[in-house]
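A short worksheet on the structure shown next.
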Amino acid sequence: MPEGGSITDVGGLRVGHYTHTDRPTGCTVLICEGGATAGVDVRGSAPGTRETDLLSPTNAVQQVNAIMLSGGSAYGLDAASGVMRYLEEMHLGFKIGNLGVVPIVPAAILMDLGVGNFKIRPNAESGYKACLAADTGPVPEGNVGAGAGATIGKMFGPQYAMKSGLGTASVKVGDTGIVVGALVAVNAAGDVVRPESAKIVAGARTEDGKGYRNSMAAVMDGYQVAVRHGANTTIGVVATNAKFTKVQMTKIAQMAHDGYARAINPVHTMFDGDTIFSMSTGTSEVTADVSAIGEIAAVVMARAIVRAAMQATSIPELGLIAYRDYPGRG
C-alpha cells in the first residue's frame, strides 16, 4: 500500500461524502470555511465542470468556499446546488452588500452512468448531505462519494474492466510545517500504474483472469482504441496550507497533472474529462516555492491514485472485481 495520509491533514479543510449505495454513485465535497485561493487545470477533452472560468487568474473572485466532485455525468453537477444551499445557511460565500452571500463552488463530474441504474445519480440533496457529513478526520476511501461508481481499464470493453474508487494521500514537507494533500476519484480508460516500479496495480484484465493486458502496450502495438464518448474521467483536488496567489495555484494544478501521467496509462485522451482543482488554505506562515509545491503535489496525487485502485471493493453483481480480490494482481 502506498504512503497514506489524508487531504484533511491540510489545515482548514473538511471533507464529506454522500454515497448512493443502491446504484452505486455519489459525490464528495471539500469545504474551506475560511475560504481558499484556488486554481484549476482541465486536461481531458471531454470535461463536465461548473464555475471553472472564475478560477482563471484574470477573473475577479479570489477565493472559493468549497469544491465538489461527483459521479452521474452532467446530471451530477446538480450536487453543487446542494453545497451552495448548505453554505448559504452557514453564511459562507461572496458577500453581496447587505443582501447575503453567493457561495463559490466549482465542481467537476465523472461518467459512471453505465454502472447500475442509469436513473440514479447525485442531485442537490446528495450535495447537501455530503456537507452535513463533512469533517476534518481521515477521509474514507474506496467505493465512496465521487468514487462509488468509478471503474478503470476499459479500453477492451467493460467485461475486462475493474472497480476503482476514491483515494487520498498527504505529505508533511520536512520540518517546514507545510502540508500537501490530494484527493482523487479514478474513473480512467487506462490502467493504474505504481510509479516507483512502473508495474500495473489494476486495469484491463486478461481473458483468463490471471493478469493484465497492459493497455498502453496494446496501443503501441497498433490496437485501435474504441471507447464510448465521455465514459472516463479522473477528477481530483490538491491542497496545501501554504499561501499562494491564483496564478500560483493555477500552476500547481497544472503540475499536479504529472501525477495523473505517472499513475494512469494512457490518460488525458479525447474521451477523458481529466480535471484537477488546487486549493490553498493559507494557514501556514511559511513562504513556499510554487515549483516545489507543484512537484510535491504531483507525487502526492500519484499516491492517491494508486490508493483509489487498491482501496476499492468488488461489486460481484455487476461483474466488477477490485484489486483486493483479483487473483492476477501484481
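Brief remarks on what is shown
- Flag if Ile120 is of a type in the set (Val, Ile, Thr), farther than 21 Å from Ala309 by Cβ, in contact with a His (Cβ under 8 Å, 6 or more places away or on another chain) and touching a residue at least 40 places away in the same chain (Cβ under 8 Å): yes
- Candidates Thr176, Thr168, Thr250, Thr240, filtered to the one that is modelled with pLDDT of 90 or more and surrounded by fewer than 16 Cβ atoms within 10 Å (Cβ to Cβ): Thr176
- Gly5 meets the conditions (1) touching a Gly at 6+ places or on another chain (Cβ under 9 Å); (2) open to solvent by 10 Å² or more (accessible area, probe 1.4 Å); (3) on the phi < 0 side of the Ramachandran plot in every case but one. The failed one is (3).
- Every residue from the stretch 149-176 that is touching an Asp or Glu at 6+ places or on another chain (Cβ under 8 Å), part of a loop (DSSP other than H, G, I, E, B) and under 18 Å from Ser6 (Cα atoms): Gly165
- Any pair with Cβ under 7 angstrom, 6 or more apart, that starts in the stretch 185-208 at a residue that is without any contact (Cβ under 8 Å) to a residue 60 or more places away in the chain and ends at one that is open to solvent by 10 Å² or more (accessible area, probe 1.4 Å) and not in a strand (DSSP E or B): Ala204/Phe156; Ala204/Tyr160; Ala204/Arg213
- Within the stretch 134-148, tally of residues that are open to solvent by 10 Å² or more (accessible area, probe 1.4 Å) and touching a His at 6+ places or on another chain (Cβ under 6 Å): 1
- Thr19 meets each of the listed conditions (1) at pLDDT 95 or above; (2) polar (S, T, N, Q); (3) surrounded by fewer than 21 Cβ atoms within 10 Å (Cβ to Cβ) apart from (3).
- Any hit, the stretch 55-68, residues being surrounded by fewer than 19 Cβ atoms within 10 Å (Cβ to Cβ) and closer than 11 Å to Ala108 by Cα: no
- In the condition set (1) at pLDDT below 95; (2) open to solvent by less than 60 Å² (accessible area, probe 1.4 Å), Thr151 is compliant with all but (1).
- Any chance Thr233 is of a type in the set (S, T, N, Q) and either modelled with pLDDT under 95 or under 15 Å from Pro195 (Cβ atoms) (or both): yes
- Sole residue being among the aromatic types (Phe, Trp, Tyr), modelled with pLDDT of 95 or more and either surrounded by fewer than 19 Cβ atoms within 10 Å (Cβ to Cβ) or under 25 Å from Gln63 (Cβ atoms) (or both), chosen from Tyr128, Tyr160: Tyr128
- Filter result (under 22 Å from Ser6 (Cα atoms) and β-branched (Val, Ile, Thr)) within the stretch 107-135: Ile109
- Neighbours by Cβ (under 6 Å, 6+ apart or cross-chain): first from the stretch 5-33, closer than 19 Å to Gly149 by Cα and assigned to a loop (DSSP other than H, G, I, E, B); second open to solvent by less than 30 Å² (accessible area, probe 1.4 Å) and modelled with pLDDT of 95 or more: Pro24/Ala148; Pro24/Gly149
The values are calculated or read from the model by the stated rules, or taken from the named source; none is laboratory data. Because the structure is predicted, anything quoted here is derived from the model rather than measured. Virtual Cβ from ideal backbone geometry, glycine too; neighbours counted across all protein chains shown. Side chains are part of the model used for accessible areas, which takes the heavy atoms of the whole protein and leaves out ligands, DNA and RNA. Shrake-Rupley method; radii C 1.70, N 1.55, O 1.52, S 1.80 Å.
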